[in-house]
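All remarks here apply to the structure that follows.
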Amino acid sequence: MAVTRKPPREQYREQVRQEAKRLAWEQIATAGASALSVNAIAKRMAMSGPALYRYFTNRDALITELIRDAYWSLAEAFRSAASTGTDLAGLAHVLRDWALEDPHRYLLVYGTPVPGYHAPDDVTEAASEIMSTLLDACTATDPATNTAFAEHLEHHRQWMRGHPAPSTAAHRALTFWTALHGVLSLELAGHFKGMGFDPALLFTAELDRLLDRGEAAAPRAQSACTANHSHSE
């Protein structure tokens with residue numbers, strides 16, 4: 001079967017865009033996303049600023065491309081893992097591996113927002129696919145432990161984009177997502193440096209706690225409270 005090749009002009013346009021994005025990531029790694037400059041990238045490419053603006057209309061358009069690429073990269077990693085039957089714990093490790101592979105990519109989408117930047121709605125499509133994969137995994141292992149927040153989610157499901165997961169699974173997905181991102185964000189921002197412990201073990205311990213939540217964790221917590229109360233008497 002013959003391979004359809006793009007016209008030379010389209011190939012060149014794609015090469016320029018990819019090189020500009022590569023240099024943008026280098027700039028972000030050096031000075032942060034807030035310092036991203038299309039003119040500085042154009043200079044490194046031996047182009048004028050106006051010439052590069054034909055490929056990216058402004059700084060925000062370039063940032064949007066980087067964020068879109070990052071989200072779809074994680075979505076694809078989740079999709080690939082889920083297709084092989086990976087469970088919730090497996091997805092957690094996919095997330096961490098993806099984050100450690102390129103910390104600047106992770107921090108661009110899950111770190112401090114870039115001042116003055118507002119992502120267009122279509123960027124959320126990939127983010128929704130990531131959450132949909134997570135909701136599938138949580139539904140498959142849902143202990144159906146009802147909570148006040150789960151009841152609240154019965155009437156606040158817009159973020160689920162029509163996913164049929166029960167509210168208890170949705171609560172579990174949000175708890176899982178926010179807790180693991182908390183650990184990852186602190187690790188990648190360097191807040192664990194000098195503390196002397198292995199962040200990978202902390203991540204695993206937090207994951208174990210989350211997977212146990214709603215089942216054995218509550219009885220153990222109750223037993224611990226009872227024991228502490230007995231000792232105090």
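The values are calculated or read from the model by the stated rules, or taken from the named source; none is laboratory data. Since the model is a prediction, treat every value here as computed from it, not as a measurement. For neighbour counting, all protein chains shown are included, and Cβ atoms are generated from backbone atoms with ideal geometry for every residue, glycine included. Calculation scope for accessible area: heavy atoms of the full protein, side chains included, ligands and nucleic acids excluded. Shrake-Rupley method; radii C 1.70, N 1.55, O 1.52, S 1.80 Å.
Summary of values
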read-out	value
Rg and Dmax of the range 55-95, Cα atoms only, in Å	14.2, 42
Length released on extending from GLU125 to THR84, taking residue separation times 0.36 nm less the Cα-Cα span	12.5 nm
Nearest-10 value in Å² for the accessible area of GLU76, using the 1.4 Å probe	90
Charge tally in the Cβ shell below 12 Å around LEU74, where Lys, Arg are +1 and Asp, Glu are -1, LEU74 excluded	-2
Estimated translational D of the range 22-159 in µm²/s (Stokes, Kirkwood radius over Cα pairs; 37 °C; 0.692 mPa s)	191
Cα Rg, Dmax, the range 103-149, angstrom units	15.1, 42
Linear extension gain, ASP212 paired with TRP159, 0.36 nm per residue minus alpha-carbon span	16.6 nm
Hits among lysines - C-alpha to C-alpha of LYS43 under 26 Å, sequence gap 8 or more where chains match	LYS21
Solvent accessible area, Å² - LYS6, 1.4 Å probe, full protein context	110
Isotropically averaged projected area of the chain, using the convex hull of Cα atoms (one quarter of hull area), nm²	18.6
Two-decimal ratio, the range 21-88, of alpha-carbon radius of gyration to 2.2 N^0.38 Å	1.44
Positive minus negative residues near LEU62 (Lys, Arg vs Asp, Glu; Cβ under 10 Å)	+1
Under 15 Å, Cβ to Cβ, from SER83 - net charge with Lys/Arg +1 and Asp/Glu -1	-3
